[in-house]
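Each remark here refers to the structure printed beneath this line.
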Amino acid sequence: MKTYLVGGAVRDRLLGRPQGDRDWVVVGGTPEAMLAAGFRPVGKDFPVFLHPQTNEEHALARTERKSGRGYHGFAFHTSPDVTLEEDLTRRDLTINAMAEDSDGRLIDPWGGQRDLAARVLRHVSPAFAEDPVRILRLARFAARLPEFTVAPETLALMRGMVAEGEVDHLVAERVWQELARGLMEECPSRMFEVLRECGALARLLPEVDRLWGVPQRPEYHPEVDTGVHLMMVLDMSARLQGSLPVRYACLGHDLGKGTTPADVLPRHLGHEGRSAKLLQQVGQRLRVPNDCRELADVVAREHGNIHRSGELNAAAVLRLLERCDAIRKPERFMQVLLACECDARGRLGFEEAPYAPRDRLSAALRTALSVDTTELARNAMAQGRQGKDIGTLIQQARTQALEIALTNAPG
């Protein structure tokens, strides 16, 4: 048996980037031989084993052939006769189809090193078209490596896959998995630009795709186009190191602008509520995790009010905090404010602008939380008050505290 380092670890070393998990291919091996060497089996669809000391994944060299539609429509073949070159041929991109032997010698049958130097994402073989997940993976790599372009022949292949309906057979969990990973890359806008360019975005996220070409009021949005604005917001979320829920909230905050009636453009009155409804559909369709769905819902409904919170009095600020469930979930509210900051700064010419609502509402929340509700409730009950009366007293106390804090706030 011979073992080779393959895929991302080789690619990232050549790029001078930090290496993540290392994957290995074993040529000339059998499941029995791997077990005898102390490896632990973990693969369900094909033989993958964990190294007894390093726990790194080692897969037997394999080939595959198309047997049906979508991601699961493959039959895999492993045997000691499968060569390293045959295994590399089934991989998606040339930059991922390289290997190193035990002496560090590069095996590169598909020109991956050449494409790394040229900054090109290129498919290995026509077999790329057999797996629609590869469209998502390529788009994700474009977000990780934003200086790379997609080879024209690869883009044509992807468009053909979309036209033939391959993308329609992707399972929701895999779509979300790749989208989530792409959102967390350094330039998430590139993922959506590539998906849009090949036509896949219109099939997977039509709610996002329809935002391009929708105008906004230039006095607030110098970039005008809603789709362009969204890409700027996503990249700002990466720049400010937002969590996945924050980045997903940024993705969905303006979906309602895509359904604004044409006769009232470029105003988008009521888009917040429409965005929240569309996010419900997207969340159900892609089975988005609850933390992402809940944060996105709050941001969609309230981002306009948060932007304008400097105009609100103490009572209105408290109502805003309550609608955002900020008093019960203060940590989540900080993420809401970060997503709103990304929205405000994701505009042409506003990239370096300070975001005053973040500091103002953070301070307001601290003030509301500083009210000793336990002592207040105890005194109220001693006077025979209960239920809604106590809730009203707590609101009044928080409002009074906010009035003082907002009056004394700088600026």
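Throughout, read-outs are computed from the coordinates displayed, never taken from laboratory work. In this text the structure is predicted, and so the values were computed from the model without any measurement. We place every Cβ from the backbone using ideal geometry, glycine too, and count neighbours over all the protein chains shown.
Given that compact globular proteins tend to follow 2.2 N^0.38 Å, what is the ratio of the alpha-carbon Rg of the chain to that value?
In units of the globular-protein estimate, the chain measures up at 1.22.
Fewest first, what order do 367, 407 take by the number of other Cβ atoms within 10 Å?
Details: 367 21, 407 8.
Listing 367, 407 from fewest to most nearby Cβ atoms yields 407, 367.
Divide by every residue of the chain the summed helix terms, -39500 (n - 2.57) for each DSSP H run of at least 4, and state the resulting mean residue ellipticity at 222 nm, rounded to the nearest 500 deg cm²/dmol.
Numbers: 19 runs with 212 residues, N = 411.
-15500 deg cm²/dmol, from helical runs alone.
Choose one answer from 223, 193, 331: the residue with the largest mean-square fluctuation in a GNM of the chain with alpha-carbon springs under 10 Å.
Residue with maximal mean-square fluctuation among 223, 193, 331: 331.
Quick one: angle between helix 172-183 and the longest Cα principal axis of the chain, in degrees between 0 and 90, rounded to 10, please.
Computed tilt is about 80 degrees.
Apply the Karplus curve 6.51 cos²θ - 1.76 cosθ + 1.60, θ = phi - 60°, to the phi angles in region 155-169 and return the couplings in whole Hz, x for Gly and Pro.
3J(HN,Hα) across region 155-169, in whole Hz: 4, 4, 5, 5, 4, x, 4, 5, 4, 7, x, 4, 5, 5, 9.
For the residues 122, 62, what sequence is obtained by ranking on other C-beta atoms within 10 Å, fewest first?
Lowest count first: 62, 122.
Enumerate the calculated ³J(HN,Hα) couplings along region 394-403 in order (Karplus 6.51 cos²θ - 1.76 cosθ + 1.60, θ = phi - 60°), each rounded to whole Hz, writing x wherever the residue is Gly or Pro.
5, 4, 5, 5, 5, 5, 4, 5, 5, 4
If you count, for each residue, the other Cβ atoms within 10 Å and average over each peptide, how do 100-113, 379-392 line up from highest to lowest?
100-113, 379-392
Fewest first, what order do 1, 158, 231 take by the number of other Cβ atoms within 10 Å?
Ascending Cβ contact count within 10 Å gives the list 1, 231, 158.
How many percent of DSSP beta bridges within the chain run antiparallel, rounded to 5?
Just about 80 percent of them are antiparallel.
Please determine, in degrees from 0 to 90 and to the nearest 10, the orientation of helix 373-382 with respect to the longest principal axis defined by the Cα atoms of the chain, where the helix direction is its Cα long axis.
So the inclination is approximately 40 degrees.
Taking a quarter of the surface of the Cα convex hull of region 115-231, what do you get in nm²?
Here the figure is 7.7 nm², rounded to one decimal.
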